[in-house]
1. Where does helix 512-527 land angle-wise versus the long Cα axis of the chain, in degrees 0 to 90, nearest 10?
2. Over the alpha carbons of the stretch 88-145, what is the largest minus smallest coordinate on each principal axis, giving the biggest first in Å?
3. Can you spot the aspartates and glutamates whose alpha carbon is less than 12 Å from LYS247's alpha carbon? Ignore those fewer than 8 places along the same chain.
4. So which trypsin sites (Lys or Arg not before Pro) in the stretch 318-381 pass both tests, a DSSP loop state and at most 11 other Cβ atoms within 10 Å of the Cβ?
5. Determine the share of the chain's accessible area contributed by carbon and sulfur atoms, expressed in whole percent, with a 1.4 angstrom probe.
6. Give LYS163/LYS212; LYS239/LYS428; LYS95/LYS124; LYS465/LYS504 a once-over and call out the pairs whose C-alpha atoms are over 22 Å from each other.
7. Please report the antiparallel percentage of DSSP beta bridges with both residues in the chain, rounded to the nearest 5.
8. Quick one: what are the phi-derived ³J(HN,Hα) couplings along the stretch 230-242, Karplus 6.51/-1.76/1.60 with θ = phi - 60°, whole Hz, x for glycine and proline?
Amino acid sequence: MKKLLSTIAIIGACVSAQAQAPRPVEDVNKVVDNTPDSINKALMSRPAPGTTRKDGHPVLFLIGNSTMRNGTLGNGSNGQWGWGYFAHEFFDTNKISVENQALGGMSTRTFYNRLWPDIRKALKPGDWVIISIGHNDNGPFDEGRARAVIKGTGNDSIEVTIKETGRKETVYTYGGYMRRYIADCRAAGAHPILMSLTPRDAYDGQGRIVRKPHSQWLAEVAREQNVPYIDLNEISGTKLDRFGRWKESYHFYKDHIHTSKFGAQLNARSAAEGIAASTDPQLAPLQAMMKSVKPDTLSVKREKGKPVLFITGDSTVKNEDRDDNSMWGWGSVASSVFNEKKITIVNCAKAGRSTRTFLNEGRWDQVYNSLQPGDFVLLQFGHNDIGPIDKDRMRGTIPGTSDSTRVYRMEKSGNYELVYTFGWYLKKFIQDVREKGATPILLSLTPRNRWKDGKIERRNDTYGKWYREVAKATGVDFVDVHNISADFLDKKCGSKEKADRYYKRDHTHTSKLGALNNAKSVAKGLKKTKSELRKYLK
């Protein structure tokens with residue numbers, strides 16, 4: 001009961017203090033973060049410090065701000081995610097629990113004064129604490145949010161009186177607060193880790209992502225205090241530098257500090273990779289509790305001198321593919337048009353997938369991580385992108401090719417997702433392939449066995465139009481399989497009944513004959529392009 005009353009009192013004190021603060025204003029980074037103004041909700045949505053501990057195992061506490069835990073509830077409802085949400089994916093939860101104690105809007109100073117005391121009480125010998133905070137260490141010292149710290153790592157301090165409350169406080173340097181976090185951890189028998197900040201969406205004069213000075217300050221304190229240091233800012237910054245401006249930009253959302261799911265996952269992986277790669281012997285026990293940080297790849301048998309052709313798509317590309325009575329995808333008969341003595345074919349397509357679900361399920365990452373310079377990737381989606389976005393199979397995409405987005409709440413799971421347009425997903429795939437030195441080729445979707453006035457259905461006003469827009473915007477080679485196959489069926493069949501032998505069970509999925517015909521359409525279209533892939537046709 002005493003503990004409950006204590007918790008209520010702490011929350012009440014935080015709410016009271018925040019109630020006296022002025023309305024949120026834009027900070028020096030042009031960001032408005034409302035989280036502290038609803039700190040009562042935020043505190044209740046965060047786990048009580050130490051409550052994730054299982055069977056006496058250690059806890060990895062994450063100390064940070066909105067780049068680590070975004071929004072009042074931290075559930076992506078605003079399209080922004082903090083990397084702490086994904087950090088547990090790299091640790092064995094049977095050995096250690098990962099507890100995200102970060103809170104948006106906190107500075108090194110305000111976190112230490114308001115939230116750290118309860119975490120400090122929950123620390124036990126053998127626990128680990130990642131301290132990665134500093135984005136909000138700006139603004140006034142003695143009014144408003146009063147969250148600024150003295151720059152640098154010196155031992156100087158200043159005495160301030162908060163104008164709104166009259167409360168007196170000693171303010172230290174950035175390094176001074178880090179020393180306090182470290183001392184508190186060690187006093188409890190826990191292991192502190194200093195980690196630099198997440199990168200911002202900002203470039204320096206050399207066209208590189210800006211590296212913040214906090215990295216040097218943290219490295220200095222880490223050496224002085226003999227504490228492990230992970231340069232998250234550099235690890236993630238190096239990745240963003242390699243991506244190019246368009247890809248780098250979608251790792252952020254709404255502003256230049258807060259990350260989208262892409263950015264949060266990138267930072268979580270970078271943090272884990274930094275820990276796993278560290279040669280600091282102090283981190284060995286934590287490394288033993290980690291999962292592999294090796295990116296997921298496809299099993300590809302590579303032969304010297306032979307590039308790999310990765311084929312992506314849905315059930316029209318890969319299906320049952322068993323016998324003459326089953327449904328077939330053309331990718332499973334791609335060897336009928338490609339010379340396997342010169343190129344290795346890997347059919348990565350999966351039935352029922354849209355561009356969005358192919359990405360969300362990690363299938364695209366497997367392709368991306370497996371690519372090598374000189375490879376080729378065929379991209380063909382669309383049949384499933386037309387479905388509902390937030391219900392049923394939740395695989396639909398926003399119609400069109402713009403970079404517009406919208407946050408949806410999934411009906412079944414209640415989870416939030418930032419969804420993009422059909423064309424955006426294609427542009428992402430194209431850019432990813434080029435980044436790895438491989439060649440992307442866009443294929444329009446296969447035609448359906450629907451007829452009107454003796455002509456098979458054409459979807460040139462929707463998906464056909466969007467494919468062409470993406471091809472024009474990116475300069476990618478485009479094969480219009482949709483119209484090549486449709487032209488053939490118009491001429492060869494002239495009706496649904498006569499075209500039935502090219503399909504199996506419904507109007508979308510093809511028989512083996514239909515799959516072979518679509519493969520021929522791919523080859524016919526490729527011959528009209530300037531793509532190097534033409535050289536590998538039979």
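1. With rounding to tens, the tilt is 80 degrees.
2. Over the stretch 88-145, Cα extents along the principal axes are 45, 24, 12 Å.
3. Counting by Cα, and skipping residues close in sequence, LYS247 has these aspartates and glutamates nearby: ASP201, ASP403, ASP432, GLU435.
4. ARG322, LYS341
5. Looking at the chain in its full context, I get 50 percent from C and S.
6. Over 22 Å apart, Cα to Cα: LYS163/LYS212; LYS465/LYS504.
7. 40 percent
8. 10, 8, 4, 4, 6, 5, 6, x, 4, 5, 5, 4, 6
The values are calculated or read from the model by the stated rules, or taken from the named source; none is laboratory data. Model, not experiment: these values are computed from the prediction. We place every Cβ from the backbone using ideal geometry, glycine too, and count neighbours over all the protein chains shown. Ligands, DNA and RNA are stripped out before the accessible areas are found, and what is left, the full protein with its side chains, is counted by its heavy atoms. Shrake-Rupley method; radii C 1.70, N 1.55, O 1.52, S 1.80 Å.
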